[in-house]
Amino acid sequence: MKLANEILEGNIRAAAKLIRYVEDGAPDAVEELKKLYFHTGKAYIIGITGAPGSGKSTLIDVLIDSFRKRNKTVGVIVIDPSSPFSGGAILGDRIRMQRHATDQGVFIRSLATRGWLGGLSKATIDVIHIMDALGKDIILVETVGVGQAEVAIMNFVHTATVVLMPGSGDWVQTLKAGILEIADLLVINKADMKGVYELEAELKAMLQMKDYPRGVWKPRILVTEAINDKGTEELMKGIYEHREFLVTTGKYDTRVRQSNKQELLEVLKCSLLDTVFQKVDKNDYVEKVIDDLVNRRKDPYSAVSEIINKLTEGK
């Protein structure tokens, strides 16, 4: 494969092909990613997360438009739930952004959540690197739901945006998931619905309960009605203010370092899993261990210890 060179020249088809290889777990993809890594670190990454139905995709659609008006190229990664039959990402989110399909300055890809064995974060950061190397100025990462996997992915972004919707109890689950701890911007979307002011008051009260010392970013609360393009400029202002804060306080470098640490751990974890299955899972060894677990002949902690011993002994 010579995809890396083509991607560095701005070839979108090559980028799409490498992303597909990443999704399929193709071994050759790693060599291409190695080459691209030294040409990354330039894009600004914005995470968009929140409960289903909160209007994340519509919000991203208007953000794409706003960034393009500022002459910024945009990459979008939509992390979709998978079809249980085909394993492919559901394309509904991309359909909403279809008006940007002919814009060469916009590259939108869906990333399915199926079968990653804990490696979804690694797949996401791989795709971020591909879009970064492709030359995208801004990369928007949309996650579905508000679980721990989504929180983990938000560790790789510069600005984490949490989208909430009034008149729903979903925001309580969102905050319980630990999202508030990593949220830089709290966006109340669908402002035409009842309960906007109540939700805004609840969020303000929650933020007031926390101590934000000098030099620590306090999450901004913003109200939008994305479907009618209302509040978009205020959101853009919030994004740029947060970026300025990170740069002027030196926290940008801190965040990048934390992201790199998380990436290293993700790559290490996935590599160790691959090694275990390649070197240890001979003669259906792992299946036999699972049988022992099912029949309560062995506990999972002892089983893992045995697997590690088997691995280190090289047997």
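All of the numbers you see were taken from the coordinates with simple rules; none came from a lab. In this text the structure is predicted, and so the values were computed from the model without any measurement. All Cβ positions, glycine included, derive from the backbone under ideal geometry; neighbour counts span all protein chains shown.
For Asp137, Asp184, which order do you get if you count the other beta carbons within 10 Å of each Cβ and list the fewest first? Spell out each step's value before the answer.
Details: Asp137 16, Asp184 24.
Fewest-to-most ranking of Asp137, Asp184: Asp137, Asp184.
Give the lysines whose C-alpha is closer than 21 Å to that of Lys56, dropping any in the same chain fewer than 8 places away, or say none.
Within the straight-line limit of under 21 Å, Lys56 reaches these lysines: Lys69, Lys72, Lys136, Lys176, Lys190, Lys194, Lys230, Lys237.
Just to confirm a number: summing +1 for Lys and Arg and -1 for Asp and Glu over residues other than Arg257 whose beta-carbon lies under 11 angstrom from that of Arg257, what do you get? Let's see the in-between values first.
On the way: positive: Lys251, Arg255, Lys261; negative: Asp253, Glu263.
Every neighbour counted, the sum reads +1.
Which of the lysines could be linked to Lys2 by a straight reach, that is with a Cα gap under 19 Å, when you skip same-chain ones fewer than 8 residues away?
Within the straight-line limit of under 19 Å, Lys2 reaches these lysines: Lys17, Lys34, Lys35.
Determine ³J(HN,Hα), in whole Hz, for all residues of the stretch 222-230 in sequence, where each value follows from phi through the Karplus function 6.51 cos²θ - 1.76 cosθ + 1.60 and θ = phi - 60°; x replaces Gly and Pro.
After applying 6.51 cos²θ - 1.76 cosθ + 1.60, I find 10, 10, 9, 9, 4, 4, 10, 6, 9 Hz.
Note down, for the stretch 267-312, the three equivalent ellipsoid semi-axes (square root of 5 times each alpha carbon gyration tensor eigenvalue), biggest first, whole angstrom. Display every interim value, and only then the final one.
Values: eigenvalues 76, 26, 16 Å².
Equivalent-ellipsoid dimensions as semi-axes: 19, 11, 9 Å.
If we count other beta carbons within 10 Å of each Cβ, what is the order of Glu31, Glu306, Glu6, Glu266, fewest first?
Details: Glu31 11, Glu306 15, Glu6 18, Glu266 22.
In increasing order of surrounding Cβ atoms, one gets Glu31, Glu306, Glu6, Glu266.
Jot down the per residue volume, in cubic angstrom and as a whole number, of the convex hull over the alpha-carbon atoms of the stretch 219-315. Before the final figure, lay out the partial values.
Working: hull volume 20.3 nm³, N = 97.
That works out to 209 Å³ per residue.
So what are the ³J(HN,Hα) numbers for the stretch 54-68, from phi and the Karplus equation (6.51, -1.76, 1.60; θ = phi - 60°), rounded to whole Hz, Gly and Pro as x?
7, x, 4, 5, 5, 5, 4, 4, 6, 5, 4, 4, 5, 5, 5
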